[in-house]
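The values are calculated or read from the model by the stated rules, or taken from the named source; none is laboratory data. Everything quoted here is computed from the prediction, not taken from an experiment. Virtual Cβ from ideal backbone geometry, glycine too; neighbours counted across all protein chains shown. Accessible surface areas use protein heavy atoms only, side chains included; no ligands, DNA or RNA. Shrake-Rupley method; radii C 1.70, N 1.55, O 1.52, S 1.80 Å.
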Amino acid sequence: MTTITTPTSTPAGQRDSARRLEETWRDPPGLYGWFAAINHKTIAVRFMLTTFGFFVAGGVLALIMRLQLARPENNLVGPDFYNQLFTMHGTTMMFLFAVPVMQAVGSYLVPLMLGARSLAFPRMNAFAYWIFLFGGLMLYAAFLLDIGPDAGWFAYVPLAGPDYSPGKRVDFWAQLITFTELSGLLEAVILITTIFKMRAPGMTLNRMPLYVWTMLVTSFMVLFAMPSVMLASTALITDRLVGTHFYNPAEGGDALLWQHLFWFFGHPEVYLIFIPPLGFMSSIIATFSRRPVYGYPAMVLAVIATAFLAFGLWVHHMYATNIPELGKSFFTASSAMIAIPTAIQIFCWIATLWTGRLNFKTPLLFALGFFFILTLGGLTGVILASVALDLQVHDTYFVVAHLHYVLIGGAVFPLFGAFYYWFPKFTGRLLGETLGKWNFWLFFIGFNVSFFPMHLLGLAGMPRRVWTYPAGMGWDQMNLAATVGGVMIAASVLLFIINVLKSRRHGVPAGPNPWGAGTLEWGTDSPPPAGNFVAPPVCGGRYPLWEPDGVPAHVTGLADDRREILVTTLMDAVPDLRPTMPSPSIWPFLSAIAVTILFIGSIFTPWAVVWGAVPVAIGLTLWFWPRKKETRRNVVSEVHP
């Protein structure tokens, strides 16, 4: 049975146990092992690299748009290609970068913060990655073949319908949504299960790290929000491919239905992107202030309140439609109300910084940049929450400026800080501080040079999504400034890439806990072994490494020659079960290929859903087919009451 011993009773054979654990939990070697890998750290690193690749691709598209708009009557790109550029840029950043990268970081860190040896459902985690990768590659392959989507990242009907967007461009967009949302839903299920059932003994809900709380809340939001856009995109593709009329008013459909379904997902998506960085902020501020975050209960309740209110705001994207005026008043009030929990968190962080002993390293600089940028974005959000003001700047560059201040300020600044903070844990080496500071200041200045003038452009009447504009409108200088800022942002990201490549091999060795942080991921080696912890910890506080009795004991009794984990109870994390996790398998990869063929085939013929289901069923069956050897070994290991 599983027992708990004190840390002083170190097992004599720990070194042998560590070696056996490494052999048990690591992925197989070679080409087969590369495709069969299921270790959560391996998959998470691939996820992060892939999402960052899409981030760079989306940034390059944005830079081309800025170069096109740098001067009036420019002809760098044509109008049709420009339509594809802004659609691909928005789609990439919203569906292939912002939400997936948050889940990717979470799938690496959450098990370590919980003191667990793995994520729940590791094969499903690998399948989610492959589906995401194939969906992104499909979209970019279509773009390179000049059939990239061109109806905007929110693809309003009837513009995206069969009458106004013939051909296959919108079909690829709609099917990408199915790919990415399926991947996101699977990751949400995995994270919720891990957080609820795989915490270290002693880690009650009241002791969970604030970052884990944000990932738990985000995962529940994904479960409620993403089915809405999957339903919407499926209805769109059936309208286009098999002649249904969900969005065709002439046949009893409703074009406004698309906006309701899309924004019921779309506005919570902003918070799917924004809430995990709140957890980054809490981790970084606590470590570099050298004290626990002030107001833990208020922080947790504020995150939950933010998530709840996020589902009551979607109509503030639809003030220009013919919805009832009374309804608009309700959504104005709820849009203003969501500032309250955000303000609570900001005041708690300020109190933490005010009473702490600050250590001004690069992660903290990005955290401080978050305060400035997000506050400006929040203020313009209050303006857009008002019906009267929103109608004045609707579909202008003011909205573009607000969107980027909220999303880049609220997500990308903390994300950069998080990479500087956890890079030592990922690789065992520190990122360079000098290049880090250059990265921060170029990004901070470049961002404001690029996006602040867009507020003024919007107030001056420049509409969004225009390919070019005539001279003499008074927009020339501000557009040129925005382009200069875009070049500075690109230079900043290039410095970050150089820093990563250089530090990966030649960075200062970090050791297990280079920042003196207090949460459990810093209690194991950097990078962590395949099984995360040789001796899984017992948790004695919210910042266990900072408290004298924070890790009062370690779990013993778990097998080191098979993938055995400890399952604990939901509320109090009391040891409950010790099931065995599945071994590496190539079937998640092959099943993802089969699903990809089905999805892509359905763009060209609905019969692909029928014949494509056969290989999918075969793949899933073999995925779950039990092995006699493993079954016998698990039966032998069972302990009868």
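By how many nm would the segment from V635 to D572 grow when fully extended, if each residue of separation counts as 0.36 nm and the alpha-carbon distance is taken off?
Separation in residues times 0.36 nm, less the Cα-Cα distance, equals 19.8 nm.
Between L76 and T375, what length in nm is gained on full extension when 0.36 nm per residue of separation is reduced by their alpha carbon distance?
My answer for the length gained is 104.1 nm.
As I understand it, the value is the acute angle between the Cα axis of helix 433-459 and the longest principal axis of the Cα atoms of the chain; what does it come to in degrees, rounded to 10?
Once rounded, one gets 30 degrees.
List the residues of the stretch 546-575 whose backbone N lies under 17 Å from a point placed 7 Å from the Cα of R357 along the Cα-to-Cβ direction.
So the set is 546-548.
Tell me, Kirkwood radius of the stretch 594-641 from alpha-carbon pair distances, in Å?
Across the stretch 594-641, the inverse of the average 1/r is 13.1 Å.
What is the extension gain from L256 to L49, computed as 0.36 nm multiplied by their sequence separation minus the C-alpha to C-alpha distance, in nm to one decimal?
Result: 70.8 nm gained on full extension.
Report the dimensions of the stretch 565-607 along its three principal axes from the alpha-carbon atoms, largest first, rounded to Å.
Extents along the principal axes: 52, 24, 11 Å.
Please list, by residue number, everything in the stretch 33-68 whose backbone N is under 20 Å from a paramagnetic label point 7 Å out along Cα→Cβ of R627.
Backbone N within reach: 33-43.
Run a plain Debye calculation on the stretch 266-310 (Cα atoms as equal point scatterers, no solvent) and give log10 I(q)/I(0) at q = 0.13, 0.25, 0.30, 0.33 Å⁻¹, rounded to two decimals, same order as the q list.
The Cα Debye sum returns log10 ratios of -0.32, -0.89, -1.06, -1.15.
Could you compute the FRET efficiency for V484 and T244, with r as their C-beta to C-beta distance and R0 at 41 Å, rounded to 0.05?
0.30
Whenever you get a sec, line up L159, L96 from highest to lowest accessible area (probe 1.4 Å, protein heavy atoms).
L159, L96
Rounded to the nearest 0.05, what FRET efficiency do L326 and I618 give with R0 = 51 Å and r taken as the Cβ-Cβ distance? Could you check?
E between L326 and I618, to the nearest 0.05, is 0.40.
From the protein chains alone at 1.4 Å, what is the descending order of accessible area for L545, L326, largest first?
If we order L545, L326 from most to least accessible, we get L326, L545.
Listed highest first by mean packing, meaning other Cβ atoms within 10 Å per residue, what order do 267-274, 504-511 come in?
So the order, starting with the most tightly packed, is 267-274, 504-511.
Provide, in order from the shortest bin, the percent of all Cα-Cα pairs of the stretch 155-232 in each 5 Å bin, continuing until the bin that contains the maximum pair distance.
3, 14, 19, 15, 12, 10, 9, 7, 5, 4, 2, 1
Would you mind checking the stretch 314-356 for residues with the amide N under 14 Å from a putative spin-label position 7 Å along Cα→C-beta of A298?
Inside the label zone: 340-355.
Non-local amide H neighbours of T396 (under 5 Å, H modeled in plane, Pro and chain starts lacking H): which ones?
HN-HN under 5 Å from T396: R464.
Ordering K361, K502, K628 by how much accessible area each has at a 1.4 Å probe, largest first, what is the list?
The most accessible residue leads, giving K628, K502, K361.
Starting from the amide H of R429, placed 1.01 Å from N in the peptide plane, find each other amide H under 5 Å away whose residue is 5 or more places distant or on another chain.
Here the answer is A510, since their amide H atoms fall under 5 Å of that of R429.
Please list, ordered by chain and number, the residues whose modelled amide H lies under 5 Å from the amide H of M208; skip anything fewer than 5 residues away on the same chain.
none
Convex hull over the Cα atoms of the stretch 87-174, averaged projected area in nm²?
In nm², the orientation-averaged hull projection of the stretch 87-174 is 6.5.
If I take the Cα coordinates of the stretch 504-641 and project them onto the principal axes, what are the three extents in Å, biggest first?
Principal-axis extents of the stretch 504-641 (Cα, largest first): 64, 50, 31 Å.
Pop out the ³J(HN,Hα) list for the stretch 610-619 in order, Karplus 6.51 cos²θ - 1.76 cosθ + 1.60 with θ = phi - 60°, rounded to Hz; leave Gly and Pro as x.
Whole-Hz 3J(HN,Hα) from phi for the stretch 610-619: 6, 6, x, 6, 5, x, 5, 5, 5, x.
So for the chain, considering every pair of alpha-carbon atoms, how many percent are separated by more than 34 Å?
Distances greater than 34 Å cover 45 percent of the Cα pairs.
How far is helix 397-407 tilted, in degrees, relative to the longest principal axis of the Cα atoms in the chain, given as a value from 0 to 90 rounded to the nearest 10?
For 397-407 against the chain, the angle is about 0 degrees.
If you average 1/r across every pair of different Cα atoms in the stretch 148-189 and take the reciprocal, what Kirkwood value do you get, in Å?
11.0
By what distance, in whole Å, do the Cα atoms of the stretch 22-137 stretch along each of the three principal axes, largest value first?
Rounded to whole Å, the extents work out to 63, 30, 18 Å.
What would the Debye equation give as log₁₀ I(q)/I(0) for the stretch 339-397 at q = 0.13, 0.23, 0.30 Å⁻¹, counting only Cα atoms as equal point scatterers?
-0.49, -0.96, -1.24
Between the stretch 201-215 and the stretch 426-455, what's the alpha-carbon centroid distance in Å?
30
Return, for the Cα atoms of the stretch 200-298, the radius of gyration and Dmax in Å, separated by a comma.
That works out to 20.2, 64 Å for Rg and Dmax.
Bin by bin, in steps of 10 Å, what percent of the Cα pairs in the stretch 446-534 do you find, going until the bin that has the longest distance?
P(r) for the stretch 446-534, in whole percents per bin: 14, 25, 18, 15, 17, 10, 1.
For the chain, take the longest principal axis of its alpha carbons; what is the angle in degrees between that and the long axis of helix 476-506, to the nearest 10 within 0 to 90?
That helix lies at roughly 20 degrees to the long axis.
According to a simple spin-label model (label point 7 Å from Cα along Cα-to-Cβ), what is the distance in nm between F220 and A333?
Taking the simple label geometry, A333 and F220 are separated by 2.4 nm.
Can you give me the Cα centroid spacing of the stretch 509-586 and the stretch 325-394 in angstrom?
35
Starting at 0 and stepping by 5 Å, how many percent of the alpha carbon pairs of the stretch 257-337 end up in each bin?
In whole percents, the pair-distance histogram is 3, 14, 20, 19, 14, 11, 9, 6, 4, 2, 0.
Just to confirm my numbers, what's the Cα centroid distance between the stretch 147-170 and the stretch 283-314 in Å?
39
Put one equal scatterer on each alpha carbon of the stretch 276-432, apply the Debye formula with no solvent term, and list log10 I(q)/I(0) at q = 0.13, 0.15, 0.21 1/Å to two decimals.
Once normalised to I(0) and log-transformed, intensities are -0.67, -0.83, -1.29.
Tell me, what is the Rg over Rh of the stretch 97-254, with Rh the Kirkwood radius over Cα pairs?
1.09
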